[in-house]
Structure formats: C-alpha cells, structure tokens
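Below is one structure; the comments refer to it alone.
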Amino acid sequence: MNLLKNILTQLEEWWLNSAYLDVRMPTQLNFNVGGPTPFLEHYWPPKEGTQVERGAIAVWHIFNFWNLLRRERYIVDKVGETPLDMNQFRMLFSTCKVPGITRDSITSYFRTEREGDCPSHVVVMCRGRIFTFNAVHDGHILTPPEIHRQLAYIQKRCHTESNGPGVSALTTEERTRWAKIREYLINLDPKNVSVLETIQRSLFVISLDDASPEDYCMITLLTLTGDPTIRWGDKSYNFLIFSNGTFGTNCDHSPFDGIVLIGMNEYVDWKVMENEGLWKGSHKIRDIPWPEELVFTVDLKVLDDIRLAKEQYQKQASDLQLINYAFTSFGKKLVKELKLHPDTLVQLALQLAYYKLHRRPGCCYETATTRMFYHGRTETMRSCTIEAVEWCQAMLDPAVTPHKRQQLMLKAFERHNKLMSENQNGKGFDRHLLGLQILAKEQGLPVPELYTDPAFTRSGGGGNFVLSTSLLGYTNVQGAAVPMVHNGYGVFYRIRNDRIVVVCTAWKSCPETDAEKLLQTVFQNFYAMAQLMGRAQL
C-alpha cells in the first residue's frame, strides 16, 4: 500500500509540473478558468448601484464557506456510497502560484483549526490599486454591513482619487519574464516583498470591476479577458464584482479542478436564495480597522513592463471568441427517459458537429475525475472512439437507414460509458503514458517511439486535443476556458432537467474554427439524436 501511495504521489508531482508549473506561456488567459455565478437568475438580476451591497453579502457567504473548511464541517462529496478525496478544497483559499525562471511553484497557507493558524485577510483590487482587510474581528467573521463599509471605503477612494499602476497586470506575462520582473520588484524595495506575501497569503482577491455585463455570455467573456489590473492571475481564486451587481470568478487552474469552485458557488447560490438576496441580521458595525492600501514601489522600468504586459494581454484577449448558448428544447429529464446518458449525448453531439464542420474526426479531451483515489484529480477520457467515428460517418451517409444509425449511436454510447467508468476507476492510460515518458527522460533513456509518432500528436497526445471539454455537472454553475490548441475549441457545459447550457471558445485568428457554428451544429445534433430514439415530434 505504501509503495502504491509513493507511486501515486510521484505521478501527482510529475503531472502537476508537466500540465501547469513547467508551462512558460502566459497562464492567466491560456490556463486559468473563469465563469459567471448563477445569482442573477433569481434575486440579483443586473442593476446598477448594487455592486457593494450585493458584493458584501456574497463575500460574507464565501467567508462562511471558508469557515466550514477551516472547521472541517463541509460535507464530503460522494459517488453513491463512495467518498471522494477532498484535498483539492484545501487549495481554494490562501493559495497562490509563484513564477519561477524554469518552473513555477504553488504556495498554500490554508490550515484547518486542528492544524493551527491560517491567514484571514482578503485583498481588494480596484482601478489598479490594492487594499487589504481582515475577514475576522475579535474571533468573529465580519458581517455584511461591516464588509459593506470596507468595500464602500475602497470604492469611494478609487473613484475619487487617481488610478494605481496596475501591478497585477504583470501576472498575465510569459512565466519566465514575470519571474524576472518579480525578482526586480523585490530587489527594488524590500517593502515589495511584504506586499507580494500579503497578496499570496490572502484568502482570495476581490475585484471591484467597472464593467457592467448584462448576460451570461458577456460575464463569462469578461471573467477570462477582463481588466488585468484588478485581478491577480496567480491566485487560486479571484472573485469579480461588476458595477451592475453581477459576479464572476477567475482562478488559477493548477491547484484544483472545477468541482471545487462549483461546490462553493452552489453553496453561496443556495444561501442567497435561502435569504432572498438580503441580509436579515444586525446592521450594527463594530469598531473594526479600516482597509489598508498596499503600495508597490515601482520605477520607470516596472511601469514600462506593466504597459507591455497589458498590451500583450489585450492583444490575445481580443482574439478570443466566446459563445454561451442554452438549448432549451429538452434536458436531462427527456434524455434519461430515452435511456441515454446526458453527458454522453453532449459528447457524441460534439463529435458529430466537429465531423460535419471539419470532415474529419476530432480528437477530444473530456475530464474524467479520479477523486476516488488519494489526491485524485483527473484522467483523460478520449471521446473520439472508433464507434463514435463510425456513427458520425453513418450520419453523413444518405444511404444508411435511420435504424442502422440508431444502432451505431447506441454502440457509441455504450463504448463511451464503458471508457468513462474505466477512467474514473483508475484504468485510463494518459497519466500512465505521461509517467513513462517522464521516467524515461529522468533516467536518460531513449524516448519511446510512441511519443514521436505523428499519430500520437494527431490523437491529442502531448495536450494537442482539438476539442477540450468538461461537464460542469447537473448544476446552475457555468465556466469556461480557452482551447488547448490554436485550431481547437474549448467546450464547458452544464445539464439541467430542462436545458443544456454550453460555452464554446475558439480563436478568431484561426480560419478553421468558429465557435458559433460549432454550437449551432451541436444543437441541431441534439434534435437528430432524439429523433433517432423515436422522438420525432422534436
């Protein structure tokens, strides 16, 4: 058992380094995940002038979630009766990635009450300036009126005084360049070390954003491509509060997977609904310290570095195409009535859409959780199976009968479901292949021919999947990420009883891809698949 644990620990380190920490390209836009919160669906539709009022209530609920984790009172996730590994939840708060010359590192200061002291301050960014205040006073979490006072103070100062230099834009830079600039900042003034550590140790970053997005599509786009001077790209959690009282998140993906953010957002959403979007407690404000401004010492070189960072970030951000559509003709309820798996339906519809648009199979990564195992994160579920391709070909062949198409579709469903189960139960092979590749490199052995075979890359090997996809569960929580490759798509989706909501990203500069066309084709495929199962009225 100890040997197996050691092997898993080694593979965990190899995978984390290879997938995230060794990456040198800018990670805030290329690897971070973002998304809207679902609060606007009920008590908090967009409304100007509500930024601080709603933000204070939402932040209070987030503080309470942090407190649940601190006291180890958060309910353990389960699949059936099987408990899942909860280690990733430790990385949501007081966690930050630190850039390195050749490899980044992750620092986490979170501790449970049994383990000892834990940071309890947050960082607030607004108009290029940075502030901090404590979430706890005299042993008790600040109330919404107290949080409101702190946020209103920061908002007023930033709206009546000059903008700050926007040092956080440097976190959007290429990783080695950011590491060198960071070292320059530290050498420029020892006080800069203290500011950096305060940000790194903070529970999370609160971003007071001047933008006023009106719908899910615009909110989602801004969470990925919004103002880089008011979010710290290396933080595990940036909570974005927009001017019109809508919300979003931007998170460094390396410490945890989407399920952690989904869990917290569902908790906050439930609490907002439970309290009808209001604070129903005392409005008394204790004698708490005012927020403290964190000021970096900068010079002309740093200011120029900030300018260059913003330019490269905005150039790439403007290239991102993001489409967020809801298919409302049916959802999980009808798909289950058809005796089909909802997630597999979406995956096969994506395969068929890609085949129709590009006239070739689309190698696909789908997230398969391995949290049934110690420190489990993900395995690669490869949705582009032989069975899926045969079905796609049949759907484009007018000579194939509807009955034959149905048979091939059901065969593709069965294969996908079997592979997903195997991946979740530790029988996948992508992480295994990664371990063998790194082991050969560390031992100075020749790289096995498999890894240099063009078919390995064309099938997605080395992170070259043209379809990068993830099911966000049967929830109200949406998210998004950019494609893995320039000529690919990023597809995140959630499935509800009455609808399937999909976010698709692509790069405008790629002439081969079009996120809107792909989604329109996917939705057409939903109808076709239901009709194959005898639901012609759709």
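The values are calculated or read from the model by the stated rules, or taken from the named source; none is laboratory data. Note that the structure is a prediction, hence the values are computed from the model and not measured. Ideal geometry is used to build each Cβ from the backbone, glycine not excepted, and the neighbour counts take in all protein chains shown. For accessibility, only protein heavy atoms count, side chains too; no ligands or nucleic acids. Shrake-Rupley method; radii C 1.70, N 1.55, O 1.52, S 1.80 Å.
Restricting things to alpha carbons, find the Rg to Rh ratio for region 37-320 using the Kirkwood radius for Rh.
A ratio of 0.95.
Quick one: if the Förster radius is 35 Å, what FRET efficiency do His486 and Leu396 give, using the C-beta to C-beta distance and rounding to 0.05?
The pair His486/Leu396 has a calculated efficiency of 0.85.
Using alpha carbon coordinates only, what is the Rg to Rh ratio of the chain, with Rh defined as the Kirkwood radius?
0.97
Using only Cα atoms, locate the centre of region 517-534 and the centre of region 437-454, then give the distance between them in Å, rounded to an integer.
41 Å
Order Asp227, Asp234 by their accessible area, 1.4 angstrom probe, all chains in place, largest first.
The ranking, largest first, comes out as Asp227, Asp234.
Using only Cα positions of region 449-535, each an equal point scatterer, no hydration layer, compute I(q)/I(0) via Debye at q = 0.14 Å⁻¹ and quote the log10 values to two decimals.
-0.61
Below 8 Å between Cα atoms, with a sequence gap of 6+, how large is the relative contact order for the chain in percent?
Averaging sequence separation for qualifying contacts and normalising by length gives 19 percent for the chain.
Just flag the GluC sites (Glu not before Pro) in region 256-304 sitting in loop per DSSP whose Cβ has no more than 11 other Cβ atoms within 10 Å.
Glu276
Using Cα centres only, tell me the gap between region 271-343 and region 63-126 in whole Å.
Measuring centre to centre over Cα atoms gives 18 Å.
Tell me, what does the Kirkwood hydrodynamic radius of region 328-533 come to in angstroms if you use every pair of distinct C-alpha atoms?
17.8 Å
What lysines does Lys315 reach when the alpha-carbon gap must be under 20 Å and sequence neighbours fewer than 8 apart in one chain are set aside?
Counting by Cα, and skipping residues close in sequence, Lys315 has these lysines nearby: Lys508.
Tell me the net charge near Ser94. Cut-off is 10 Å between Cβ atoms, Ser94 excluded, with +1 for each Lys or Arg and -1 for each Asp or Glu.
Overall, the nearby charge balance is +4.
Using a probe radius of 1.4 Å on heavy atoms only, what accessible surface per residue do you get for the chain? Whole Å² is fine.
43 Å²
Taking the Cβ of Glu379 as the centre, find all other residues whose Cβ is under 12 Å away and add up their charges (Lys, Arg: +1; Asp, Glu: -1).
Combined, the nearby Lys, Arg, Asp and Glu give +1.
Quick check on packing: order 170-179, 457-466 by the mean number of other C-beta atoms within 10 Å, highest mean leading.
170-179, 457-466
Measure off 7 Å from each Cα along the Cα-to-Cβ vector at Leu303 and Asn187, then give the distance between these two points in nanometres to one decimal.
Roughly 2.2 nm, to one decimal.
Report the FRET efficiency, 1/(1 + (r/R0)^6), for Met25 and Arg359, where r is their Cβ-Cβ distance and R0 is 41 Å, rounded to 0.05.
Given R0 = 41 Å and the Cβ-Cβ separation, E is 0.85.
Please identify every one of the GluC sites (Glu not before Pro) in region 1-95 that sits in a loop by DSSP and has no more than 13 other beta carbons within 10 Å of its own beta carbon.
Listed in order of number, the matching sites are Glu48, Glu72, Glu81.
Can you work out the Karplus-derived ³J(HN,Hα) for every residue in region 117-132? Use 6.51 cos²θ - 1.76 cosθ + 1.60 with θ = phi - 60°, whole Hz, and x for glycine or proline.
Listing the rounded values in order: 5, 9, x, 9, 9, 10, 10, 10, 10, 7, 6, x, 10, 10, 10, 9 Hz.
What FRET efficiency, computed as 1/(1 + (r/R0)^6) with R0 = 41 Å and r the Cβ-Cβ distance, is obtained for Lys156 and Asn497, rounded to the nearest 0.05?
0.40
Within region 1-117, what whole-number % of the accessible surface is contributed by carbon and sulfur, with the 1.4 Å probe and all protein chains included in the calculation?
54 percent
Between the DSSP loop rule and a limit of at most 11 other Cβ atoms within 10 Å, which trypsin sites (Lys or Arg not before Pro) in region 107-162 are left?
Arg114
Determine the share of region 431-524's accessible area contributed by carbon and sulfur atoms, expressed in whole percent, with a 1.4 angstrom probe.
Taking all protein chains in place, region 431-524 shows 53 percent carbon and sulfur surface.
Rolling a 1.4 angstrom probe over the protein chains, ignoring ligands and nucleic acids, what is the accessible area of Trp60 in square angstrom, nearest 10?
About 60 Å², ignoring ligands and nucleic acids.
Taking the Cβ of Ser243 as the centre, find all other residues whose Cβ is under 13 Å away and add up their charges (Lys, Arg: +1; Asp, Glu: -1).
Here the count lands on -3.
For a 24 Å ceiling on Cα separation, which of these pairs sit above it: Lys97/Lys441; Lys411/Lys517; Lys78/Lys418; Lys235/Lys427; Lys47/Lys271?
Checking Cα-Cα distances, Lys97/Lys441; Lys411/Lys517; Lys235/Lys427 exceed 24 Å.
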